[in-house]
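Right, one structure below, let's go through it.
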């Protein structure tokens, strides 16, 4: 019986990711600076209510997939199924990795609809808070998925790279979003990919991290 | 009592039971290469895993785990192995051979690496079947007990526990892994895990991995007051650190053992070690606890319900619980239709609405004639489990839908209801016992509903006698007072109240009523219902099935809690009043200020509710409209921008002030003379370019520009270059603003500018968005602004 890894290649989906809104990150995204920004109690309460509203509207769902790296050069990373990613920055991140973890998450359509309604109703103050909360919560969903895999990886004497990479950043072209979208089957969550490789609803993200061997 | 339990309890009368320590790191130290499947490697290297087992037994561990943490079909499949049962059997046999009776062997069951429905894609029965393969193999290998460990998903822990209990009655421990914030990654807290798992039949519950002993003191402390069973702590050797590319833990054996006293004092009866611990850690632990006697479980029963994330305790002094009644298709055509179509969206919305209105529990009924009620109930319970934190009440006249729901519900549910009807008792009591559910005891029999409280008491006692045969206590049910319609029997409400009082004061049980039936056929039913609720609450009522959207009802419920001593410091009452008052709107600015200063303060404070009135007040006091705009309001909004620039304000304040300014200017506009009106200012055209759907930044810029008196033509998002150029021709703007968030859409900005120039349009452009830089803007011949405030400044400069 082989005791080495044959294939981790199974899509893992998370129908409900339950996390608390990362308040510090939401405040920071809204421009709050400790020691400089002054908030009155009623402003803080209104902000808290808007974040609570965001929490009730956001349904975080996610999917992840472990894939072996078939080969990699200084720019080209080959994955199974003739898939490849081209990026010098990503290749550098994956220098010590033999596998990648692809991840995708969405905050769902309800919060985007609420942002649209608030904007149309001249309640942009609430809209920006919902927008910031959704952005940070969907990002936190990726952190959550990393924590989920980190436990298993530790047992395998492996770990995730310290950072992750998303399409459209650095030299990893946004066009790669199609590869993530297909491999993670994000359509199952009602997420669509536009012809310009943008995920809709808006607060949907993908990322890739490397899996390294430790010790 | 589970098979083998006596051995465990006898040890715990004298000292804590000691479980083993980490296996993976020990195997690596003894030659297991990185990246292999530990289970399969151990089968190929039985002497190595045997030596780890033997070392833990020598260290004084009472229980040693088989090396089968990942020996389930999902994880073994990743290594090309398919016969999970055989792998488990062989590894149990290796443990037995190595230990030769020197320690008890626990068959170890770990997570599959997938989430189970309703939180993931793996079918609940598939998970149960996978765990059963492990259980059968481990039993064939001769294990003495089972441990289900490192679970972050309560539903997966349930699936594994059901798998064990459906095959054997060996002593079974379950440990969840809580992060430092006191919840599993999936959001379950220690008390909720305990409530669910001990009701489902776990013989010991606790925590392992993720944290060191210090954090686990808190987790054990949260569970102890409510535990009927021993509690387990199997911490890591402190917190992990990375040293030379390897993960190490910060506690040596002596320090690790020194924390045992605090864990035992918190209520731990079973101790062990997880990541980073070694046989030396366990030897030191065993020595440290030799004379420390654990505190036995403090209670024999627990009146509590749970969802996956929350526990509701029915303890003395707790508030009256409202059970939301809306998810019931009787008289609700839209819900009937949805259930027929197999959809759940409306029910999920109803759940969220009732939760927001203050319900503590949700009743779920799928009684639509002609549908598969078993499937409908299962699907709806799973959908609601993911949609709400509130525990569910499974409401059906039939036993089968209730059983299906209890099997998949990731918590401890309440059955509505079990009556004294023979067939119901026979079918439902075993089902409730198997899944550890609480139930509503409905005191009626095959002969009908007893009319008086005394006759109902006789039926209650008879049902209780039957329930005791299945292990239930008075903490496991709520007596239904049976509410009959006052319109048809004026004495009926009094009999209900007397039943509630008897059940509370004489019998010593919790009680519930289905409230709204009392007013059936009456006008203004809400007053009858709320009055009846107050009467029942005063008689000791525990819960009421009612509509939490009723404002009067929730006020009376909360008031009853205050007057009945169930709302300490009236905290819930105050919160309810504040919520009902709309969360407290911003008050008017300081009264002593002159009216025009109040307008300024309103803009600075973002006081949208007050500004229009203040503008009117100022004008009424004889203040000139143009002067108010030019000398008060515009300087105020400029001041807001400056505060934003200095980071004294952040985005919500900037926008609230912006919106206040907009409302103020709208109020002022009819009083401005033509020459000073905003319409006389320059027109700015803005759009988010084609392909891009992110427009919140553009909307902020539009608001800022309007507040500085510009006429803004906002074309929206995903706007093609051709349309933008057409609108430039039409509106002749002084400047055009373009936004884009993504690298792929940013290039559209260049196309818009090139097309405009090609068609002879010479208007200046300003661009912005997350990925846009000043350098890019310059490269396409545009100005750049990083936010709304800067956009106003740049445009003011451009049009000057």
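The values are calculated or read from the model by the stated rules, or taken from the named source; none is laboratory data. Being a predicted model, the structure only gives us computed values, none of them experimental. Heads up, the Cβs are rebuilt from the backbone with ideal geometry, glycines too, and the neighbour counts pull from every protein chain shown.
The table that follows gives values for the structure above.
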read-out	value
Residue within region A:123-135 that is over 19 Å from residue A:61 (Cα atoms), assigned to a strand (DSSP E or B) and either more than 8 Å from chain B (Cβ to nearest Cβ) or without any contact (Cβ under 8 Å) to a residue 60 or more places away in the chain (or both) present	no
Subset tally (residues that are within 14 Å of chain A (Cβ to nearest Cβ), in contact with a helix residue (DSSP H, G or I) (Cβ under 9 Å, 6 or more places away or on another chain) and either surrounded by 15 or more Cβ atoms within 10 Å (Cβ to Cβ) or assigned to a helix (DSSP H, G or I) (or both)) for region B:746-785	7
Test for residue B:728: is it in contact (Cβ under 8 Å) with a residue 40 or more places away in the chain and touching a helix residue (DSSP H, G or I) at 6+ places or on another chain (Cβ under 9 Å)	yes
Members of region B:195-242 found to be assigned to a helix (DSSP H, G or I), without any contact (Cβ under 8 Å) to a residue 60 or more places away in the chain, closer than 18 Å to residue B:157 by Cβ and touching a strand residue (DSSP E or B) at 6+ places or on another chain (Cβ under 8 Å), listed by number	B:197, B:216, B:219, B:220, B:223
Condition check for residue B:106: crowded, with 20+ Cβ neighbours inside 10 Å, in a helix (DSSP H, G or I) and more than 14 Å from chain A (Cβ to nearest Cβ)	no
Any hit, region A:147-159, residues being within 22 Å of residue A:108 (Cα to Cα), crowded, with 20+ Cβ neighbours inside 10 Å and out of contact with any helix residue (DSSP H, G or I) (no Cβ under 6 Å at 6 or more places or on another chain)	yes
Residues of region A:147-197 that turn out to be within 10 Å of chain B (Cβ to nearest Cβ) and assigned to a strand (DSSP E or B), as a count	2
Lone unmet requirement of (1) more than 13 Å from chain A (Cβ to nearest Cβ); (2) within 30 Å of residue A:114 (Cβ to Cβ); (3) in contact (Cβ under 8 Å) with a residue 12 or more places away in the chain for residue B:669	(3)
Where residue B:87 falls short, out of the listed (1) more than 10 Å from every other protein chain (Cβ to nearest Cβ); (2) without any contact (Cβ under 8 Å) to a residue 60 or more places away in the chain; (3) crowded, with 21+ Cβ neighbours inside 10 Å	(1)
From the options A:210, A:168, A:187, residue that is without any contact (Cβ under 8 Å) to a residue 40 or more places away in the chain and within 18 Å of residue A:12 (Cβ to Cβ)	A:187
Test: residue in region B:47-57 that is within 26 Å of residue A:211 (Cα to Cα), part of a helix (DSSP H, G or I) and in contact with a helix residue (DSSP H, G or I) (Cβ under 6 Å, 6 or more places away or on another chain)	no
Checklist (1) away from chain A (no Cβ under 14 Å); (2) in a helix (DSSP H, G or I); (3) touching a residue at least 40 places away in the same chain (Cβ under 8 Å); (4) within 27 Å of the chain's Cα centre (by Cα) applied to residue B:147, failing item	(2)
Single match in B:123, B:153 (criterion: under 21 Å from residue B:413 (Cα atoms), within 14 Å of chain A (Cβ to nearest Cβ), out of contact with any helix residue (DSSP H, G or I) (no Cβ under 8 Å at 6 or more places or on another chain) and surrounded by fewer than 24 Cβ atoms within 10 Å (Cβ to Cβ))	B:123
Matching entry among A:81, A:35, A:96 (being over 23 Å from residue A:140 (Cα atoms), in contact with a strand residue (DSSP E or B) (Cβ under 9 Å, 6 or more places away or on another chain) and facing chain B (nearest Cβ under 10 Å))	A:96
Enumeration of residues in region B:619-637 that are outside any loop (DSSP other than H, G, I, E, B) and either surrounded by 15 or more Cβ atoms within 10 Å (Cβ to Cβ) or in contact with a helix residue (DSSP H, G or I) (Cβ under 6 Å, 6 or more places away or on another chain) (or both)	B:619, B:625, B:626, B:628, B:629, B:632, B:633, B:634, B:636, B:637
Condition met for residue B:486 (modelled with pLDDT under 95 and either at negative phi or assigned to a strand (DSSP E or B) (or both))	yes
Filter result (closer than 20 Å to residue A:131 by Cβ, part of a helix (DSSP H, G or I) and either within 7 Å of another protein chain (Cβ to nearest Cβ) or over 39 Å from the mean Cα position of the chain (by Cα) (or both)) within region B:638-661	B:651, B:652, B:653, B:655, B:656, B:659
Residues of region B:660-691 classified as modelled with pLDDT under 85 and in contact with a strand residue (DSSP E or B) (Cβ under 8 Å, 6 or more places away or on another chain), total	3
Residues of region A:102-122 satisfying the condition of being more than 11 Å from every other protein chain (Cβ to nearest Cβ) and surrounded by fewer than 19 Cβ atoms within 10 Å (Cβ to Cβ)	A:109, A:113, A:117
